[in-house]
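Below is one structure, written out as structure tokens, with a few remarks after it.
The values are calculated or read from the model by the stated rules, or taken from the named source; none is laboratory data. Treat the numbers as computed from the prediction; the structure is a model and nothing was measured. Cβ: placed from backbone, ideal geometry, glycine included. Neighbour counts: every protein chain shown. Accessible surface is based on the protein model in full, side chains and every heavy atom, while ligands, DNA and RNA are left aside. Shrake-Rupley method; radii C 1.70, N 1.55, O 1.52, S 1.80 Å.
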Amino acid sequence: MLRFAALERSYGARHIFGDLAGALRDGEKVGLVGPNGAGKSSLVRLLAGLDEVEGGSIVRAKDAKLGYLSQAASADDAVTLRAILDRAFARMHAEEARVRDLEEALTRASNANDDKLVEKLMHDYGEAREVFDRHGGEGNERVMRAMLTEFGFEESDLDRPPSAFSGGQRTRAALARMLLEEPDYLILDEPTNHLDIETVRWLEDFLVADPRATLVVSHDRYFLDRVANRIWELDGGELSEYVVPQGRAYAAYVGEKALRLEQAQRDYDKFKDDEKKRKAVIAELKTHGSHNYSHVRSREKAFAKVERVEAPKTTQTKISVKLEASRRATNGLALKAVDLRVAYTKPLFDGLSFSVGRGERLAVVGSNGAGKSTLLGVLAGRRKPDRGEVEVMTGVKTAYFSQDSTDDLPSGVSAVDAVLVGAAVLPEEARSLLGRLGLTGDAGDKPVDAFSGGERRRIMLARLMARSADLLFLDEPTNDLDIPSQEALEAVLAGYGGAMIVVSHDRYLLRRLAEKVLWIDDGTTVMLEGGYEAFETRARLGPAAKTVVATVDAKPQPKIVAKAPPPQAPPSPVVDRDEAKRRDKRAREAANAEREVAQLDEKRAELEREFADPAIYDDRDRVATLEAELAAARAAVETAFARWEALAEAVLA
């Protein structure tokens, strides 16, 4: 679809990248990754034709139409959603006009008995009609309404301006318009920004099934895992390509990158050893040799011609800190919530009761607006519930990691002073924490307002470490972070021994951290055991899965009570005892099968986490064994899942 070579980009005196080369081919799904500031968006804008090429060349397939989605969705009040989506049909309107013109020309040629012209026009008409039908044909309004429903819009939304929608809704509208245009290939710049997990899941499924070539920039590692079959890494002004299996693309890229870096380091070490030996030989000849100067000069010339091997380079810095709780985790409780209710026009949650043990990790998930951050604020004591109470157990120290760093960091103070707020550490210790988080030198003396969003996250992490809390409340902790920073924060949190309650759209983070999942959806709440992967597996079944989960999981989990509307009294049927027994048996079988799926899925998740650890790639035998174990585990999950799905449908029948 497109090919580029010797591509360069600079901003003034700052050189972003140079001599980049690559190609996006039919059917490829390329994930573009790299640290913030590496030039990912600059490269995308060049490839999309939005910026002029300064150096190098870009060749695009003839007549191929690009579908481009930018990071920033439009909020233009001058148009409505209907007008935005209708623009997508401009191409189809032109194609339809071409078809109609040819139909009229055919009629005239037929009436004139011009067989030769009719034959030519029939050929042209066939081609034009094929193109028109391929791009949707008649029924634009029907297609528009189907796309609206798919993206969660109502009929009444068509006449609203974009500014009336949330950021996520504007992103969905931009996606809908782009897809309605029927492009031949796609370039997507952070398409999952502002989208809730359900919509991201839909987009993943769409892109996996879609045959078009796609280039996507994303910080969502789970999204890249599912969608990509190529990874382009832009780092240090260089572009590296990795061919990876779709389904575990990002994890495979991490492993392959570790192997490449290891080999590059070995090559560099060998070069330095050889260089040292050559220099020693030349020095020896000069000092104690036979004074054969031509021989010495010959050696020096040969040495000068040796191709240099550069040291492996990356701009990514590691975070070398550990997050400690103030005391070791025990079997007691850290927090208890009883009969919580919060409502606006309707309840976000009602009758919610559960507890979190010391050292336990709970993820709170749900669609945008479901009440996740509201619940976290209630649990952290930052807002009062309409009813119910939250008890943090005696002696448990808490800390809160805000979704919006600008709200939680005091304005006008230095980074060091921001770390010291509420912490019993010395300024030197605060400065050391910041340094280990990559904020070195005089960065600690800069005002917090001068830092980027990602840097503020690091300051907030330093505050968490300085407070030595036993219970963390984390609200979207990886927001504004590039992938290397996400992974660094994830590693710090994974090593934390205290309890945590985390709200996040970062499914990689949740997969690694969560032991239990609290699912909030349209006023109902369900607690799920088995970690995030078990939730993800069930959630992909749709509404039926939640019905089964709610009935199956409710009994063995007394820590949570999900209040539902009072049931309507059914008519009193004649009781069929045999049928009742059969229903009970099916329900028990479904429950057993569901637990088997959760156990097998957790085993698969453990293997995938091990496979994603770069350290294992030092042991090639273990990698081979792990690949076989992972394939067997995935097959076992699929088999068990199919059995559970069949039993669940029988329960609902």
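Scanning segment 29-53 for residues that are open to solvent by less than 40 Å² (accessible area, probe 1.4 Å) and within 20 Å of GLY453 (Cα to Cα), we see that the one that is modelled with the highest pLDDT is VAL33.
Each residue in segment 26-55 was checked for being over 14 Å from ILE187 (Cα atoms) and acidic (Asp, Glu), and 3 of them qualify.
Residue check: ALA443 meets all listed conditions (1) in contact (Cβ under 8 Å) with a residue 12 or more places away in the chain; (2) part of a loop (DSSP other than H, G, I, E, B) but one, namely (2). Tally up the residues in segment 229-264 that are within 19 Å of LEU630 (Cβ to Cβ) and polar (S, T, N, Q), please. Of the residues in segment 229-264, 2 are within 19 Å of LEU630 (Cβ to Cβ) and polar (S, T, N, Q). It is to be established whether one or more residues within segment 259-272 are within 21 Å of LEU24 (Cα to Cα) and more than 20 Å from the chain's Cα centre (by Cα). No; the residues of segment 259-272 include none that is within 21 Å of LEU24 (Cα to Cα) and more than 20 Å from the chain's Cα centre (by Cα). The single condition among (1) surrounded by fewer than 22 Cβ atoms within 10 Å (Cβ to Cβ); (2) farther than 25 Å from ALA61 by Cβ; (3) polar (S, T, N, Q) that THR171 does not satisfy is (1). Could we say that THR547 is of a type in the set (S, T, N, Q), surrounded by fewer than 23 Cβ atoms within 10 Å (Cβ to Cβ) and at pLDDT 85 or above here? When the stated conditions are applied, THR547 does not pass them. Counting only residues that are exposed (fewer than 15 other Cβ atoms within 10 Å of the Cβ) and at pLDDT 90 or above, segment 54-82 holds 3 of them. Quick check on VAL392: is it open to solvent by less than 40 Å² (accessible area, probe 1.4 Å), in contact (Cβ under 8 Å) with a residue 60 or more places away in the chain and touching a Lys or Arg at 6+ places or on another chain (Cβ under 9 Å)? The answer is no for VAL392.
Yes/no per residue for (1) in contact with a His (Cβ under 9 Å, 6 or more places away or on another chain); (2) in contact (Cβ under 8 Å) with a residue 24 or more places away in the chain; (3) part of a loop (DSSP other than H, G, I, E, B); (4) crowded, with 20+ Cβ neighbours inside 10 Å:
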| position | (1), (2), (3), (4) |
| --- | --- |
| SER10 | no, yes, no, no |
| ASP19 | no, yes, no, no |
| GLY27 | no, yes, yes, no |
| ALA97 | no, no, no, no |
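Annotation note: of GLY412, GLY422, GLY454, GLY441, the sole residue that is within 30 Å of VAL356 (Cα to Cα) and open to solvent by 40 Å² or more (accessible area, probe 1.4 Å) is GLY422. Every condition in (1) assigned to a helix (DSSP H, G or I); (2) open to solvent by less than 50 Å² (accessible area, probe 1.4 Å) holds for PHE206 except the one numbered (2).
Among residues of segment 505-523 that are closer than 26 Å to ASP482 by Cβ, those with a Cβ under 8 angstrom from a residue that is among the polar types (S, T, N, Q), sequence gap 6+ or separate chain, pair up as HIS505/THR192; ASP506/THR478; ASP506/GLN486; TYR508/GLN486; LEU509/THR478; LEU509/GLN486; LEU510/SER504.
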